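The structure appears below as structure tokens.
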Amino acid sequence: MTRIIAGRAGSIVLDVPDAGTRPTSDRVRESLFGALESAGVLPGAAVLDLYAGSGALGLEALSRGAASADLVEKAARAASVAERNARKVQTATGGGAVARVHRASADAFLRTARGPYDIAFLDPPYDVGESELAATLSLLVPALQGEATVVVERASRSPEPNLPEGLAATRSKRYGDTTLWWAVRV
């Protein structure tokens, strides 16, 4: 069961696509959002959730005070689930937060993204190769606000993402089979 952990939409159960996605565990999301709250970057933030799946990362950010979240998901069935979840969270937050679901590949969306985004989450499928991820990160940089936070979720067996010019690694944290790689827009 995937749910919103905290904030105005806390405890709402999210639908999860029946196949093709790998939801971020509650444990990883709790740690991730605890760090974001400690850094003070969530209130009023514009959030980008690439490879969104159910939209759990972007919607958790909305629940905790982000102003908007763009959820980008290529798979039509997963995008439909993200749309349902976005409606639930927007209702629970009183409609003040804006969630938009985009049915597009991450790269296609980034080629036309307006931004600027304060926070970007990337949780690509495990079969997305390192060169593909590096290309996506390169497309992401122009859509980011100065000093924006970028968090990449990968399998722990994956190498550190190859960051393009404009992003600097700040830390990483392993959670069993999952590692979060943090970067900042410079």
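Tabulated data for the structure shown
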{"item": "Net charge of neighbours whose Cβ lies under 13 Å from the Cβ of Ser80, counting Lys and Arg as +1 and Asp and Glu as -1", "result": "+1"}
{"item": "Highest-fluctuation residue, Gly40, Gly65, Gly96 considered, GNM on the chain with Cα pairs under 10 Å", "result": "Gly40"}
{"item": "Anisotropy class of segment 2-185 from Cα gyration tensor, a/c 1.5 cut", "result": "rounded"}
{"item": "Considering only the chain, percent of DSSP beta bridges that pair antiparallel, nearest 5", "result": "45 percent"}
{"item": "Assigned charges on the beta-carbon of Lys, Arg, Asp, Glu; the chain dipole about Cα centre (debye)", "result": "400 debye"}
{"item": "Projected label distance in nm at Gln145 and Ser172, using a 7 Å step from Cα toward the beta-carbon", "result": "2.8 nm"}
{"item": "Approximate spin-label separation Ala67-Ala35, in nm, with each point projected 7 Å along Cα-to-Cβ", "result": "2.5 nm"}
{"item": "Max mean-square fluctuation residue, GNM over the chain, Cα-Cα springs under 10 Å, options Ala99, Ala35, Ala113", "result": "Ala35"}
{"item": "Electrostatic dipole magnitude of segment 146-186 [Cβ: Lys, Arg +1; Asp, Glu -1; Cα centre; debye, to 20]", "result": "160 debye"}
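Each reported figure results from applying straightforward, stated rules to the coordinates on display, with no laboratory input. Because the structure is a prediction, the values reported are computed rather than measured. Quick reminder, even Gly has a Cβ in these numbers, built from the backbone with ideal geometry, and neighbours come from all protein chains shown.
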